[in-house]
Amino acid sequence: MTIAQYVHHYAANTVGRDFAVGDIHGCFTALERALADIGFDESRDRLFSVGDLVDRGPESNRVLEFTAKPWFHAVQGNHEDMAIRYVTPGNRDRDHYMLNGGAWLIGSTPNEQLDFATELATLPYAIEVETANGLIGIVHAECATPTWREMTELFASVTSKNRLRALTDTCLWSRDRIQSEDRTTIPDVLAVIVGHTPLRKPAILGNVYYIDTGAVFGNHLTLIDLETLQTVPPMAPKIDWEGA
């Protein structure tokens, strides 16, 4: 794979708006309602996902419907990682995946499993979006290095599966920054948008915006306008944990 497969770059949207959405986890009807509420225009606007499209929620099997939409762009989350590993020979851990909401895939036919895993494996690990105010980075869990450029250069130079695994484990699984409430700014981007850790309201540490608000746990999906960095619902004054 090349860096273009690991990191996708999008030029500024000159005709409409750009939003990112928190962890969907199979709640695609809730996503459709949230987009209707903001007047999302599929012919002009774009939606970027921080990953975890699947597992736990009731409509994970709709994921291919959304990844096929020209206005929808997602990074891999740790639940995509688990789904891909489940279908990959030699990596299947049925009990672990079942505990993490994978019943929808486990119960699918082998051909359906392969279709899902093949599509999810095409998703990048990071996305960067140009805006009028600066570059926005999107990754599921956290930026793997102190600067965004350093991370993208590592993706460009990675030569072994072990080095790639170490890099992606941080991007998809780490909670170091939020657990330590690290407010260090990532200096070479306007903002980094992440999900992974469910909060009661979206929050910010430095210039890292956390927008997983636990829709699958009975809360709501959060959207963030990439131009203004305003969230719907509004940002929390402090981190308010929902759960793991």
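The values are calculated or read from the model by the stated rules, or taken from the named source; none is laboratory data. Small disclaimer: the values here were computed from a predicted structure and weren't measured. Because the Cβ atoms are built from the backbone with ideal geometry, glycine has one as well, and the counts that use them run over all protein chains shown. The protein model used for the area step is the full one, side chains on, heavy atoms only, and it has no ligands, DNA or RNA in it. Shrake-Rupley method; radii C 1.70, N 1.55, O 1.52, S 1.80 Å.
Here's the picture: charge each Lys and Arg Cβ at +1 and each Asp and Glu Cβ at -1 in the chain, and of PRO89, THR122, CYS143 the one pushed furthest to the positive end of that dipole is PRO89. Within the accessible surface of the chain, defined with a 1.4 Å probe on protein heavy atoms only, the carbon and sulfur portion equals 51 percent. Note on ILE106: accessible area is roughly 30 Å² with a 1.4 Å probe, heavy atoms of protein only. Think of the chain as having a plus end and a minus end, set by charges on the Cβ of Lys, Arg, Asp and Glu; of LEU99, GLY16, CYS27, LEU99 sits farthest toward the positive end of this dipole. Per residue, the accessible area of the chain comes to 45 Å², computed with a 1.4 Å probe over protein heavy atoms only.
Largest accessible area first, the residues MET98, MET82 order themselves as MET98, MET82 under a 1.4 Å probe with ligands, DNA and RNA left out.
Out of GLN230, VAL54, THR170, whose Cα points farthest toward the positive end of the dipole of the chain (charges: +1 Lys, Arg; -1 Asp, Glu; placed on Cβ)? Of the options given, the answer is THR170.
Would you work out the charge dipole size for the chain about its Cα centre, treating the Cβ of every Lys and Arg as +1 and the Cβ of every Asp and Glu as -1, and quote it to the nearest 20 debye?
For the chain, the charge dipole is close to 320 debye.
Computed on protein heavy atoms with a 1.4 Å probe, the accessible areas place VAL194, VAL87 in the order VAL87, VAL194, largest first.
Mean separation of Cα pairs under 8 Å and 6 or more residues apart, divided by the residue count, gives the chain a relative contact order of 23 percent. Evaluating 6.51 cos²θ - 1.76 cosθ + 1.60 at θ = phi - 60° for every residue in region 143-153, the Karplus couplings come out as 5, 6, 9, x, 10, 5, 4, 4, 5, 5, 5 Hz, glycine and proline recorded as x. Net charge near GLN230: determine it from the other residues with C-beta under 13 Å of the C-beta of GLN230, scoring Lys and Arg +1 and Asp and Glu -1. Local net charge: -2. Heavy-atom accessible area, probed at 1.4 angstrom with all protein chains present, ranks ARG44, ARG62 as ARG44, ARG62, highest first. Short-range pairs are left out: with C-alpha atoms under 8 Å and at least six residues apart, the relative contact order of region 1-107 is 25 percent. Under 1.5 on a/c is rounded, so check that first for region 1-75, then, if it is not, pick prolate when a/b is larger than b/c and oblate when it is not; a ≥ b ≥ c are the square roots of the alpha carbon gyration tensor eigenvalues. Judged from the Cα gyration tensor, region 1-75 comes out oblate (a/c at least 1.5, b/c at or above a/b). Near ARG200, the amide H atoms lying under 5 Å from its own belong to ASP240, TRP241, GLU242; only residues 5 or more places off or on other chains count, and H is placed 1.01 Å from N. Of the whole protein surface, TYR125 contributes about 40 Å² of accessible area at a 1.4 Å probe radius. The magnitude of the dipole of region 1-118, with charges of +1 and -1 set on the Cβ of Lys/Arg and Asp/Glu and taken from the Cα centre, is near 120 debye.
Seen through its C-alpha gyration tensor, with square-root eigenvalues sorted a ≥ b ≥ c, region 1-43 comes out oblate because a/c lies at 1.5 or above while a/b is not bigger than b/c.
Which residues' amide hydrogens lie under 5 Å from the amide hydrogen of HIS9, considering only partners 5 or more residues apart or on another chain, with H built in the peptide plane? Amide H neighbours of HIS9, under 5 Å, 5+ apart: GLU128.
Size of the dipole of region 1-65 about the Cα centre, Lys and Arg at +1 and Asp and Glu at -1 on the beta carbon, nothing else charged, in debye to 20?
My answer is approximately 120 debye.
Amide H contacts for LEU226 (H built 1.01 Å from N in the peptide plane; partners 5 or more residues away or on another chain; cut-off under 5 Å): ASP18, PHE19, ALA20.
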